[in-house]
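Let me begin by presenting the structure, written as structure tokens, before commenting on it.
The values are calculated or read from the model by the stated rules, or taken from the named source; none is laboratory data. Everything quoted here is computed from the prediction, not taken from an experiment. Neighbour counts are summed over all protein chains in view; Cβ atoms, including those assigned to glycine, are modelled from backbone coordinates with ideal geometry. Heavy atoms of the whole protein, side chains included, go into the accessibility calculation; ligands, DNA and RNA do not. Shrake-Rupley method; radii C 1.70, N 1.55, O 1.52, S 1.80 Å.
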Amino acid sequence: MKRLIPLALVFAASTGPLAAWDLATGAPAPALEAFHEHFALAAYAYPRHAAAPLGVTGFDVWGDVVVAPDFVDEPFAEIAIDGDLTGDLLTFYRVGARKGLPWGIDLGAAYTRVVGYDLELASVEVQYAILDGGPLSPALSVRATGTRSIAGDEEYALEQYGVELLASKGFTVLTPYVGAGIVRSEGRFPRSGDLGVETTQEIVFAGVVLNLLVPKIAVEVERGETWQAALRVGFGI
């Protein structure tokens, strides 16, 4: 990454004014299609948690920040984007919660806001533990997600679905995890001739969870079209 800025600085910057950006009026279809390919995976609701099930008494409540530092360096950015991204970073704020259910199932929901851009997203997820994991064995889960724009989508609307395989191994309060998946994204540009774009893309990710209950901290590195990083802070059992 050319501008790998510590995520803590992004949190600090959130208290100040945010630069505004939009899609450029009259941007050609190839530039908008490339925008969608990169933006959709940057906005994707990656897990940012381990594979082990929460259990019937378990829950997570959290907030995270995601930065894609190379987004503005892509060839389409100068053509498709009008205005300046805050700190030259594509940044997302997300809040959400997960609840454990019987039979190794976890359910979750999240709300996402794009920094400096008028777009809001809602996501849901369901995760099923194939292996619960233990002192000597890893946990293995399959996870499915769905996301769609819920406000600010007069310029760009997004709907996407993903499925992943997620593995983790706990060591006292530290749990590393890795995963990979496939994401199907449908983008629409109502102000650009109602242009529609559909993509199916692969993702990989890896992270570590530091479980202190209050707080529970996760750091994740993600690869879709480009690299990005996320920091999650929350609490739960």
In nm, what is the difference between 0.36 nm times the number of residues separating A144 and V204 and their Cα-Cα distance?
20.1 nm
When you take every Cα atom in the chain, what is the radius of gyration, and what is Dmax, the widest Cα pair distance, in Å?
17.8, 58
Evaluate the distance, in nm, between pseudo-label points positioned 7 Å from the Cα of L136 and of A97 along their respective Cα→Cβ axes.
3.9
Once you have the alpha carbon radius of gyration of the range 19-125, what is it after dividing by 2.2 N^0.38 Å, with N set to its residue count?
1.29
Relative contact order (%) - the chain, alpha-carbon pairs under 8 angstrom, separation at least six
21
Students often check this: by mean Cβ neighbours within 10 Å, which of 208-218, 70-80, 87-97 ranks highest, and how do the rest follow?
87-97, 70-80, 208-218
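At a threshold of 8 angstrom on Cα-Cα distance, excluding pairs fewer than six apart, so keeping six or more, what relative contact order does the range 60-116 reach in percent?
Values: 82 pairs, mean separation 21.4, N = 57.
Relative CO of the range 60-116 lands at 38 percent.
Calculate, for the chain, the solvent-accessible area per residue in square angstrom, rolling a 1.4 angstrom probe over the heavy atoms of the protein chains. Please list the in-between numbers first.
Values: 10730 Å² over 237 residues.
On a per-residue basis, 45 Å².
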In the range 109-237, how does Rg compare with the Kirkwood Rh, expressed as the Rg/Rh ratio over alpha carbon atoms?
1.03
If each DSSP helix of 4+ residues adds -39,500 (n - 2.57) and the sum is divided by the residues in the chain, what number results at 222 nm, nearest 500 deg cm²/dmol?
-3000 deg cm²/dmol
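With a sphere of radius 12 Å drawn around the Cβ of E198, what net charge do the other residues whose Cβ falls strictly inside it have (Lys, Arg +1; Asp, Glu -1)?
Numbers: positive: R184, R188; negative: E33, E37, E159, E186.
Charge balance near E198 sits at -2.
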If I fit a long axis through the Cα atoms of helix 29-43 and take the longest principal axis of the Cα atoms of the chain, what angle between them do I get, 0 to 90°, rounded to 10?
20
Accessible area of Y161, 1.4 Å probe, to the nearest 10 Å²?
110
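Need the full-extension length gain, D88 to R191, defined as separation in residues times 0.36 nm minus the C-alpha distance. One decimal, nm. Don't skip to the answer; put the middle values down first.
Details: separation 103, 0.36 × 103 = 37.08 nm, distance 2.48 nm.
Computed gain between D88 and R191 is 34.6 nm.
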Any chance you could run the full-extension gain for A151 through V178? It's 0.36 nm times the residue separation minus the Cα-Cα distance, nm to one decimal.
6.5 nm
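Using square roots of five times the C-alpha gyration tensor eigenvalues, list the equivalent-ellipsoid semi-axes of the range 45-182 in whole Å, biggest first.
On the way: eigenvalues 207, 53, 33 Å².
The answer is 32, 16, 13 Å, longest axis first.
State, to one decimal in nm², a quarter of the convex hull surface area for the C-alpha atoms of the range 49-112, i.e. the direction-averaged projected area. Provide the component values of the computation, followed by the final result.
Working: hull surface 23.1 nm².
The orientation-averaged projected area of the Cα hull of the range 49-112 comes to 5.8 nm².
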Be a star and scan the range 43-57 for residues whose amide nitrogen sits under 19 Å from the point 7 Å along the Cα-to-Cβ vector of L212.
49-50
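On the accessible surface of the range 16-76, probed at 1.4 Å, how many percent belong to carbon and sulfur atoms? Don't skip to the answer; put the middle values down first.
Details: 1240 of 1980 Å².
So the carbon and sulfur contribution to the accessible surface is 62 percent.
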Cβ-Cβ cut-off under 9 Å around G181, Lys and Arg +1, Asp and Glu -1: the net charge is -1
